[in-house]
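Have a look at the structure below, then the notes.
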Amino acid sequence: MRTASESGDSSPVLIVFLCLFLIMGLVQVIRPQLLWRLNSRMQRGWVKNPEGTEPTSKGYAMQRVTGVLILAVATWMLIQQI
């Protein structure tokens, strides 16, 4: 199996997007509340009480698990591109 670096198909734009996914995954693992705050601000126009949509501790734990999966997949894809 040839990697992207062996075939010369490495895309700088894809690498930038993968780095952004890594950052987003890190934020989701370390401080998922920041993502909720950003999302609650965007809901203000159509949700009566955006503060009432804050996830429980189990919801934040699930977001952290999802963040770990995002980190794993983005890291694997980035290694394939480099």
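The values are calculated or read from the model by the stated rules, or taken from the named source; none is laboratory data. Because the structure is predicted, anything quoted here is derived from the model rather than measured. Virtual Cβ from ideal backbone geometry, glycine too; neighbours counted across all protein chains shown. Please note that ligands, DNA and RNA were not included when accessible areas were found on the heavy atoms of the full protein model with its side chains. Shrake-Rupley method; radii C 1.70, N 1.55, O 1.52, S 1.80 Å.
Post the alpha-carbon centroid distance, region 15-61 to region 62-82, in whole angstrom.
17
Compute the long axis of helix 57-81 from its Cα atoms, compare it with the longest principal axis of the Cα atoms of the chain, and write down the angle in degrees, 0 to 90, nearest 10.
So the helix axis and the longest Cα principal axis differ by about 20 degrees.
Taking the Cα atoms only, what angle lies between the long axis of helix 12-30 and the longest principal axis of the chain, rounded to 10 degrees?
For 12-30 against the chain, the angle is about 40 degrees.
Might you report the magnitude of the Cβ-based charge dipole of the chain about its Cα centre, with Lys and Arg at +1 and Asp and Glu at -1, to the nearest 20 debye? Write down the numbers at each step before the final one.
Details: 8 positive and 4 negative charges, 85 e Å.
Dipole about the Cα centre, nearest 20: 400 debye.
Among Pro55, Ile15, Met77, which residue has its Cα positioned farthest towards the positive end of the charge dipole of the chain, with +1 placed on the Cβ of Lys and Arg, -1 on the Cβ of Asp and Glu, and the dipole taken about the Cα centre?
Working it through, the farthest residue towards the positive pole turns out to be Pro55.
Would you mind telling me the share, in percent, of accessible area of region 10-69 contributed by carbon and sulfur at probe 1.4 angstrom? Mind dumping the intermediate values first?
Values: 3070 of 4330 Å².
It is 71 percent, rounded to a whole number.
I need the shape label for region 17-74. Rule: rounded when a/c is under 1.5, else prolate if a/b > b/c, else oblate, with a, b, c from the alpha carbon gyration tensor.
It comes out oblate by the Cα gyration axes.
So what is the accessible area of region 40-82 per residue, in Å², with the probe set to 1.4 Å?
Heavy-atom accessible area per residue stands at 75 Å².
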